[in-house]
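The values are calculated or read from the model by the stated rules, or taken from the named source; none is laboratory data. Predicted, not measured: the structure shown is a model, and the values here were computed from it. Here the Cβ positions follow ideal geometry from the backbone for every residue, glycine too, while neighbour counts run over all protein chains shown.
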Amino acid sequence: MKIKDLKELLDAEVFCCEENLGRQIDSACGCDLMSDVLAYVKDQGALLTGLVNPQVVRTAVMMDLICIVFVRSKEPTEDIVELARENGIVVMNTSKRLYEACGILYSNGLTGKVKNS
Amino acid sequence: MSEPLVFHFDIDGEDFISAGQASIQIKKNLRRIGLDPEIIRRVSIAMYEGEINMVIHAKGGEADVKLYEDRIEIILADKGPGIKNIDEAMQEGFSTASDTIRSLGFGAGMGLPNMKRYSDEMEINTEIGVGTTVRMVIKLA
């Protein structure tokens with residue numbers, strides 16, 4: 001699906017890089033532990049998380065993720081948004097909880113496909 | 001053999017929130033050089049975990065990334081407390097990090113195992129009260 005489809009499914013608000021909403025994502029992961037993202041995630045497009053700090057963006061950069069969704073209406077700070085903007089990563093938030101947000105995306109065809117490297 | 005291209009960084013250990021800047025810069029530099037994206041990903045993740053470790057445990061240090069024709073070496077040197085038991089530290093899930101660090105998404109005992117996972121070779125030299133040097137090699141060939 002495209003990032004804009006994800007945005008609509010999660011009724012999410014976008015904070016930066018709207019120009020990239022047309023980019024395609026084939027998979028996603030939901031995780032609050034960045035070391036696990038670094039260990040197990042591969043070829044994912046989007047990260048859904050309840051953790052809000054700049055390390056989420058740096059982790060996304062390292063893993064070539066192109067979209068971050070903060071759940072439970074968590075608001076990214078300006079430094080988080082700026083770092084994401086510099087790296088072309090779409091940042092949004094949704095009022096949904098992590099489990100629910102992941103479930104909605106999964107049932108609409110965005111499966112996990114997390115692989116051990 | 002020709003001299004390697006070297007990127008040097010001083011890692012500021014004062015602020016966990018800003019940790020990882022050197023790894024982002026390395027990723028940009030290696031992209032500019034045009035290396036294979038998978039190699040770039042492995043180098044930057046290994047270095048990022050190392051950088052986070054240096055900030056959490058050693059109040060920063062120095063990082064050198066050396067680009068040879070056949071390999072990339074990442075050398076992370078700190079003057080921290082040293083690692084008491086390397087075998088223990090290499091186990092996934094073993095951590096001495098604080099609850100504060102855990103609340104920020106790290107400190108789950110995945111740092112050193114991730115560094116080993118993404119490198120082809122890893123050596124740790126550590127001395128209690130003196131510091132730790134980690135050398136990682138990622139082969140290009």
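Summary table
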{"quantity": "Residue within segment B:82-96 that is of a type in the set (V, I, T) and without any contact (Cβ under 8 Å) to a residue 40 or more places away in the chain present", "calculated": "yes"}
{"quantity": "Failed condition for A:C29, given (1) of a type outside the set (S, T, N, Q); (2) part of a strand (DSSP E or B); (3) within 14 Å of chain B (Cβ to nearest Cβ); (4) surrounded by 24 or more Cβ atoms within 10 Å (Cβ to Cβ)", "calculated": "(4)"}
{"quantity": "Residue under evaluation A:C102, criteria (1) under 12 Å from the mean Cα position of the chain (by Cα); (2) within 9 Å of chain B (Cβ to nearest Cβ); (3) surrounded by fewer than 23 Cβ atoms within 10 Å (Cβ to Cβ); (4) assigned to a helix (DSSP H, G or I), criterion not met", "calculated": "(2)"}
{"quantity": "Yes/no for B:G60 being under 25 Å from A:V41 (Cα atoms) and without any contact (Cβ under 8 Å) to a residue 60 or more places away in the chain", "calculated": "no"}
{"quantity": "Wholly enclosed helices (runs of 4 or more DSSP H) of segment B:65-124 bearing at least 2 residues surrounded by 18 or more Cβ atoms within 10 Å (Cβ to Cβ) and within 17 Å of the chain's Cα centre (by Cα)", "calculated": "B:111-118"}
{"quantity": "Among (1) more than 18 Å from A:P76 (Cβ to Cβ); (2) part of a strand (DSSP E or B), the one test that A:F15 misses", "calculated": "(1)"}
{"quantity": "Number of positions in segment B:23-40 that are touching a residue at least 24 places away in the same chain (Cβ under 8 Å), within 11 Å of chain A (Cβ to nearest Cβ) and more than 20 Å from A:R85 (Cβ to Cβ)", "calculated": "1"}
{"quantity": "Residues of segment A:46-59 classified as closer than 22 Å to B:N114 by Cα, within 14 Å of another protein chain (Cβ to nearest Cβ) and in contact (Cβ under 8 Å) with a residue 40 or more places away in the chain, total", "calculated": "2"}
{"quantity": "Filter pass, B:I40 being under 22 Å from A:V56 (Cβ atoms) and modelled with pLDDT under 95", "calculated": "no"}
{"quantity": "Matching entry among A:D64, A:D32, A:D11, A:D43 (being in contact (Cβ under 8 Å) with a residue 12 or more places away in the chain and touching an Asp or Glu at 6+ places or on another chain (Cβ under 9 Å))", "calculated": "A:D43"}
{"quantity": "Checking A:K42 against (1) assigned to a loop (DSSP other than H, G, I, E, B); (2) over 28 Å from B:E51 (Cα atoms); (3) in contact with a Lys or Arg (Cβ under 7 Å, 6 or more places away or on another chain), the condition it does not meet", "calculated": "(2)"}
{"quantity": "Residue match in segment A:63-86 (condition: among the basic types (K, R), surrounded by 17 or more Cβ atoms within 10 Å (Cβ to Cβ) and in a loop (DSSP other than H, G, I, E, B))", "calculated": "no"}
{"quantity": "Count - residues of segment A:60-99 that are within 13 Å of chain B (Cβ to nearest Cβ) and at positive phi", "calculated": "2"}
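Residue-wise test of (1) touching a Lys or Arg at 6+ places or on another chain (Cβ under 6 Å); (2) modelled with pLDDT of 95 or more; (3) within 19 Å of B:K27 (Cα to Cα).
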position: B:G50; (1), (2), (3): no, yes, yes
position: B:K66; (1), (2), (3): no, yes, yes
position: B:I74; (1), (2), (3): no, yes, yes
position: B:G80; (1), (2), (3): no, yes, no
position: B:I83; (1), (2), (3): no, yes, no
position: B:S103; (1), (2), (3): no, no, no
position: B:G109; (1), (2), (3): no, no, no
position: B:K116; (1), (2), (3): no, yes, yes
position: B:G131; (1), (2), (3): yes, yes, no
